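Computed from the coordinates by the stated procedures, all read-outs in this text should not be read as laboratory data. Just so it is clear, the structure is predicted and the values come from calculations on it, not from any experiment. Ideal geometry is used to build each Cβ from the backbone, glycine not excepted, and the neighbour counts take in all protein chains shown.
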Amino acid sequence: MAVTSDAPTEPEDATEATEATEPDAGPEPPLGPTDEEREERLFRRFAHQWALVREERREERRAEAPVFATGPSNFRRAEVPFGLDLAAGWAWRLLIIAAATYLLMRLLGFFAVVTIPIAVALLISALAAPFVRALTRVGVPRGLSALLVVITGFAIVGALLTFAGQQVASGANDLADSTVQGLQEIRNWLRDGPLNASDSQINDYIKNAQDMIRDRSQNGEVLSQVTEVGAALGHVVAGFFIAVFATYFFLADGDRIWSWMVRIAPRAARERVDSSGKVAWISLVQFVRATVLVALVDAAGIALGAAILNVPFVLAIGVLVFLGAFVPMIGASIAGSVAILVALVDQGPLTALLMLAVVIGVQQLEGHILQPFLLGRWVSLHPLGVILAIAGGVLVAGIAGALVAVPLAAAANAVVLHLAEMAEPPAPEGTDGPEEPLVA
């Protein structure tokens, strides 16, 4: 008996039919890795090996490196004798102060065309300030008072210089004749005196001097000197106008200028800066007043002696001595030597000796009576300080520097003493400080 099944029978070629009905999937992928994957694996393996090599080399270097012992640092002071430590501390501080002073002087000398007229304007303002205050009390505005005082002062100085110049110009011919006569007397003395020089030797000396002057003129030295004189004259003119305008503004707006300068200082130091400036100004005023009195006495004494001895150019000598006396200790002596030379040329050796005695007498009066009584009482400045100030002024700005160096040194000395008095001493141990301030 045959068994039948309800399941459908599949044809033998079912596989072929299925394959025929499925779509084409394309070529089969390769079974092994691609070239890019092999290169990437090779690069990673190489990098890993190189990192291992570098780490091994680092470990070898660490093993071979020396090992240093560490410990606490020593921040104690150097174990040197106290005297050496003290000397070193003083030495570097003095070097810094000297360097700063040198640079300041060089800076002032470089700007001497401006700094010297400003200093001269301060001196003139210190002398003219009382006159401005007197006019202000009367009711004249301060600006107009300053202008009137400046114009009047410069007019007086210009009139004195004009009269002295006219006197020199009127007697120049007579002085030239006396100079020629004096040179002839010197030549006779060289020939008939103890030197017993012959005329040929004297002529050789004169010829050598003339040749030297001619050579210098041919080499251009005279032209360069004339150029330097012209430049110096230009600086003098510029400095004159700076001094005039600065004097006016110091007298008219001095309070506001000083207030502006005080406000520049730090707030904690403004009180001391203000008090120091006032002390310096008082010292400057006293110095200028004392110097003017000394200069008047010197000029009057030497001019009176020249008038008694009948020496020419009395007024010119007096003006020169008055201006020279503003340089303490040496100014009046140098100006008085001009009077001695004029007496020698005009009157002869005897009158020159008498004029020398007059100059020495006036200098003794100044040095032993006027200077100690006036400058020593009003301005406490030691003579050594005066000499050093004059030397520093000459190095910085020549004669003009010597003119303003001493009053500025006197003002600086007053400021230093004032600040030293204001400085409070340290409080003793165990106390909170002094019970009462030393300076009110």
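Residues 297, 236, 138, 342 in ascending order of nearby Cβ atoms (within 10 Å, fewest first): 138, 236, 297, 342. On full extension, the segment bounded by residue 100 and residue 44 gains 13.3 nm, given 0.36 nm per residue less the C-alpha separation. For the pair the stretch 252-280 and the stretch 308-349, the centres of their Cα atoms are 42 angstrom apart. Each of 142, 270, 57 was scored by other Cβ atoms within 10 Å of its Cβ. Arranged with the fewest first, they read 57, 270, 142. The modelled label-to-label distance between residue 368 and residue 412, using points 7 Å beyond Cα along the C-beta direction, is 3.3 nm. The modelled label-to-label distance between residue 144 and residue 300, using points 7 Å beyond Cα along the C-beta direction, is 3.4 nm. Sorted ascending by nearby beta carbons within 10 Å, beginning with the fewest, 102, 248, 205 become 102, 205, 248.
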